[in-house]
Amino acid sequence: MLNERKMRRGKTLKGAVKLGVLSVVILLGYFGFLHMKIQESIHQQIPENADYLIILGARVKGSVPSLSLQYRIDKAAEYLTANKHTVVIVSGGKGPGEDISEAKAMQQGLIAQGIEEARIMMEDTSTTTYENIVFSKELIPDTAASGLIVSNDFHIYRAVEIARKEGLDMKGMPAKTPKVSLLKSYTREYLAITKYYLTELIGR
């Protein structure tokens, strides 16, 4: 009787180990798939003379853009300097610890790099990527056709997918992700993409 119990416990333990290993393999495979989709989205050719850009907001420390946001500002300014007829929508509200809205910080950053204020439209109420896209959509000029989304590279895939769901045919223009936050940013984005998939599956 005692031997039978030991055998059952041994089989149960082996089964649990196999299930645990299988779960880890599936999880790693899923994250690998997500990473592949992210990489595909950031290695696309960026068209010249887009009608508009949308820069997605990121954290502002008081009134100073975080490094992630500064990289987005710099990338957009570079494109806007080379493409004089492109207008830009800066999108992001004011969150905890922020003295000004993310949109205002972006506007100031672009102007400091020589971009005319008349080319900059502000959307300063959004608090999520989804709201960034939906609220910015209302500001897109009626005559505009081609657009680009500017964000850090890890964020491009999900942002473009949301834009497409909202009827916007846009491509992503990736800015660098700060090295110090690479692991954290990608890990959080895997979870955010998963949440997006589930939301789309069950209906927003």
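Each value in this text was obtained by applying a stated rule to the coordinates, not by laboratory testing. The model shown is predicted, which means the values in this text are computed figures rather than measured ones. Positions of Cβ are backbone-derived with ideal geometry, glycine not excepted, and every protein chain shown enters the neighbour counts.
Quick notes
- The relative contact order of the chain comes to 22 percent, based on Cα pairs under 8 Å that sit 6 or more residues apart.
- In the chain, helices alone account for a calculated mean residue ellipticity at 222 nm of -18000 deg cm²/dmol, with every DSSP H run of four or more residues adding -39,500 (n - 2.57).
- Rounded to 10°, Cα long-axis angle of helix 156-165 versus longest principal axis of the chain: 80
- Checking the Cα-Cα distances for LYS14/LYS37; LYS137/LYS179; LYS75/LYS179; LYS94/LYS176; LYS84/LYS184; LYS84/LYS176 against a 28 Å cut-off, the pairs over it are LYS14/LYS37; LYS137/LYS179; LYS84/LYS184.
- Taking 0.36 nm per residue of separation and subtracting the current Cα-Cα distance, fully stretching the chain between PHE31 and LEU198 would add 58.6 nm.
- Positive minus negative residues near GLN39 (Lys, Arg vs Asp, Glu; Cβ under 13 Å): -2
- Classified by the C-alpha gyration tensor, the chain has a prolate form. Its axis ratio a/c, with a ≥ b ≥ c, is 1.5 or above, and a/b is larger than b/c.
- Computed from the C-beta positions of SER23 and SER181 and an R0 of 25 Å, the FRET efficiency is 0.35 to the nearest 0.05.
- Other-chain or far-sequence residues with amide H under 5 Å of ILE89's (modelled H): LEU53, ILE54, ILE55, MET121
- With Cα atoms, 0 to 90° folded angle of helix 102-112 axis to the chain main axis: 50
- Global form of the stretch 31-123, assessed from the alpha-carbon gyration tensor, a/c cut-off 1.5: oblate
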